[in-house]
Ligand code: MTE
């Protein structure tokens, strides 16, 4: 099945008129990326078809319906785009998106993607470990957390005035979580640059946590000493914690987390048990040794 998945990626990319990323060229959504295979890919699962990954989205800047991002995110300008690094670093820096694209080899990484709303997908992301970027940022020893802030532009994002979220969308990770090789700085999916609705031109993907930890369309990365505020926790602290590790034993007040629904699969096999840490426990459980995951939900 893994082989079928890889073949599917190639066939999909080949079936479209893909623009090739060449040195110095400008990159737009739908540009083919030059990728290598990652040993960190999840194997043995069917990939969620592209049309579901790009039409069933949460991106509240463009509206609250799952279909809104596909309808409205096309107007977001993803070039020029920079990511500013500030806070506890040896010196503040600004990275251009085309520099970040070429910082490390782009890897095809298949991960399970689990939303707190109890739906899931299997997505062939493209990117490299967030740790590689963090090394370039030269954080100081005092930095204990990293915060991600994303674009909030009323001219381009009709959803900003529809949701009471404390914009810009903010998310964060503890430094040891961010340095875990599974945490992905993501630039694409299915071998091409990210469609706008999936967080173009740059997002994070943290596969052992609920999807809301994976901030889209990042413009600022801040290294801080104290746990940063986060958008959904500000909005509803009893429902959305800071850690938000996928956990079948801790229900959300509105959604049981015991089972999940795999988007795009036939109804008879859509439902499946939720896996602790979304199935990535071997790689990440030790980050939480001695922590009460019911309290730190
Ligand atoms: N990032 C921003 N900037 N705005 C958002 O509304 N939604 C989050 C996360 N990142 C969100 C965001 C939520 S709730 C989820 S489940 C995932 O993005 C969804 O990612 P996907 O649409 O690519 O599946």
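No lab work stands behind these numbers, since they all come straight from the coordinates. Bear in mind the structure is a predicted one, so any value in this text is a computation, not a measurement. Every residue, glycine as well, gets a Cβ built from its backbone with ideal geometry; the counts of neighbours run over all protein chains shown.
Residues that are crowded, with 20+ Cβ neighbours inside 10 Å, within 16 Å of the ligand (Cβ to nearest atom) and over 29 Å from residue 247 (Cβ atoms) within the range 115-158 comprise 151, 157, listed in sequence order.
Of the residues making up the range 55-73, those that are touching a helix residue (DSSP H, G or I) at 6+ places or on another chain (Cβ under 6 Å), within 7 Å of the ligand (Cβ to nearest atom) and assigned to a loop (DSSP other than H, G, I, E, B) number 2. Every condition in (1) within 13 Å of residue 158 (Cβ to Cβ); (2) free of Cβ contacts under 8 Å to residues at least 40 places away in the same chain is met by residue 67 except one, and the failing one is (1).
Residue pairs whose Cβ atoms lie under 8 Å apart, sitting 6 or more positions apart in sequence or on different chains, and linking a residue in the range 201-218 that is farther than 20 Å from residue 255 by Cα to a partner that is within 10 Å of the ligand (Cβ to nearest atom) and assigned to a helix (DSSP H, G or I), are 204/213; 206/213; 216/198; 217/61. Does residue 116 satisfy the criteria of being assigned to a loop (DSSP other than H, G, I, E, B) and closer than 27 Å to residue 273 by Cα? Yes, satisfied. Exactly one residue among 209, 226, 213 is surrounded by fewer than 23 Cβ atoms within 10 Å (Cβ to Cβ) and under 28 Å from residue 168 (Cα atoms), and that residue is 226. Inspect all residues belonging to the range 269-280 and state whether any of them is under 27 Å from residue 165 (Cβ atoms) and surrounded by fewer than 17 Cβ atoms within 10 Å (Cβ to Cβ). Looking through the range 269-280, none of the residues is under 27 Å from residue 165 (Cβ atoms) and surrounded by fewer than 17 Cβ atoms within 10 Å (Cβ to Cβ).
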